[in-house]
Structures are given as C-alpha cells and as structure tokens.
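Enquirer: Sharing a structure with you now.
Derivation of every value follows stated rules applied to the coordinates shown; laboratory data play no part. Remember, predicted model here, so these are calculated numbers, not experimental data. All Cβ positions, glycine included, derive from the backbone under ideal geometry; neighbour counts span all protein chains shown.
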Amino acid sequence: MGERIKILLSFALLGFMAGIFAKFTYEYSVPWLIAHFPMISWDWILSGLAGAVLTMFLVAIWAYASETVPR
C-alpha cells in the first residue's frame, strides 16, 4: 500500500474519531457551554468546524500533489 494512501486512511480514521467526539460535544458540552458562557455563540462553533474541514481538504490536496511519479 502506498504511503499517500496510508496517510489519507490515517486522517480518515482521525476524522471518524473526531466525528464521534463532535457528536458527544454537540449533545452534552455545547448546551452547557452556552448556558454558562453566553459570549460563546454558534459562530464560534461553526468557525471551528469550518477550520477542521478546510484542514482536511488541504491535507488531501497535499497528499495528491506531492505524489512522486514512478520511473
């Protein structure tokens, strides 16, 4: 298996675990945070999610763009 595929699969696994953590956070932590810290709004939460998606997109581009051509 190529190194690029291993890296992409590793990030996919990390993304899966982050999704599980995000579900837990959404159901339990976010309502508690908003109730106790009213200055935190959905804008901050959505910005964090957008940053995570952008990072995964950039890693995928890097993995494919830096692939070496076999001779």
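Enquirer: Counting just the residues of region 26-59 that are more than 12 Å from the chain's Cα centre (by Cα) and in contact (Cβ under 8 Å) with a residue 12 or more places away in the chain, which one comes out nearest to Phe11 (Cα to Cα)?
Expert: Of everything passing the filter in region 26-59, Ile45 is nearest to Phe11 (Cα to Cα).
Enquirer: If you scan region 1-48, which residues turn out to be in a loop (DSSP other than H, G, I, E, B), among the aliphatic types (A, V, I, L, M) and loosely packed, with under 10 Cβ neighbours inside 10 Å?
Expert: Residues of region 1-48 that are in a loop (DSSP other than H, G, I, E, B), as a first pass: 1-2, 37-41.
Of the ones still in play, those that are also among the aliphatic types (A, V, I, L, M) are 1, 39-40.
Once the filter is applied, which keeps residues that are in a loop (DSSP other than H, G, I, E, B), among the aliphatic types (A, V, I, L, M) and loosely packed, with under 10 Cβ neighbours inside 10 Å, region 1-48 yields Met1, Met39.
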